[in-house]
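The values are calculated or read from the model by the stated rules, or taken from the named source; none is laboratory data. Source: prediction; values computed, not measured. Every residue, glycine as well, gets a Cβ built from its backbone with ideal geometry; the counts of neighbours run over all protein chains shown.
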């Protein structure tokens, strides 16, 4: 199924459905740290990398060919949710619906987000690590050996590849750190 033929829903329409008491199966396919930083209330975390027939069955139940409720998908801006569509279809779920613009659009619409404590976003954590590595390379370049200046090119190449492919190994590594794996979200929704 082409992404163009997958139905979408605006954040305001989804919010209205939630307020009408309609049972919504909403999956957030971001990382745990992104989820904790702020997610749509009622969204279940199922990271894109963890989507499988088994995990889907655990989170939303077995696909039922005769009568299936829609499964709404969201991420930060929509790219990962689009990737998740194929995984759902391959697993037998026939009714994926994309939340237009993802969680960013939800927040920009002024709708409430549920936050789980003080979390530094994954993007900021990557920036802090890359900045620290570059700073150390400069210090080591002046104090230990000039070759440390050349290794900065590796970081530049990695950033270029991350920008082109939308895959960042540093982000994947940081996301596996223990402080980024906890998804305990019992706090009240914050606007």
Which one is nearest to the chain's Cα centre (by Cα), of the residues in the stretch 118-155 that are more than 22 Å from residue 77 (Cα to Cα) and not in a helix (DSSP H, G or I)?
151
Considering only the stretch 13-28, state which residues are at pLDDT 90 or above and loosely packed, with under 14 Cβ neighbours inside 10 Å.
13, 16, 19, 20
Looking at the stretch 50-57, is at least one residue without any contact (Cβ under 8 Å) to a residue 12 or more places away in the chain and under 20 Å from residue 121 (Cβ atoms)?
yes
Any residue in the stretch 53-73 that is closer than 20 Å to residue 180 by Cα, touching a helix residue (DSSP H, G or I) at 6+ places or on another chain (Cβ under 7 Å) and either surrounded by fewer than 16 Cβ atoms within 10 Å (Cβ to Cβ) or modelled with pLDDT of 90 or more (or both)?
no
Do we have residue 9 as in the same structural domain as residue 87 (by TED's automatic domain parsing), in contact (Cβ under 8 Å) with a residue 60 or more places away in the chain and within 13 Å of residue 81 (Cβ to Cβ) here?
yes
Could you list, in sequence order, all residues of the stretch 71-94 that are outside any helix (DSSP H, G or I), within 20 Å of residue 15 (Cα to Cα) and free of Cβ contacts under 8 Å to residues at least 60 places away in the same chain?
71, 73, 74, 75, 76, 77, 78
Of the candidates 149, 140, the one satisfying the condition of being farther than 30 Å from residue 11 by Cβ, surrounded by 15 or more Cβ atoms within 10 Å (Cβ to Cβ), modelled with pLDDT of 85 or more and in contact with a helix residue (DSSP H, G or I) (Cβ under 9 Å, 6 or more places away or on another chain) is 140
Within the stretch 38-52, residues surrounded by 22 or more Cβ atoms within 10 Å (Cβ to Cβ) and under 11 Å from the mean Cα position of the chain (by Cα) come out as 39, 46
Given (1) more than 16 Å from residue 107 (Cα to Cα); (2) modelled with pLDDT of 90 or more; (3) surrounded by 15 or more Cβ atoms within 10 Å (Cβ to Cβ), number of the condition residue 31 does not satisfy
(2)
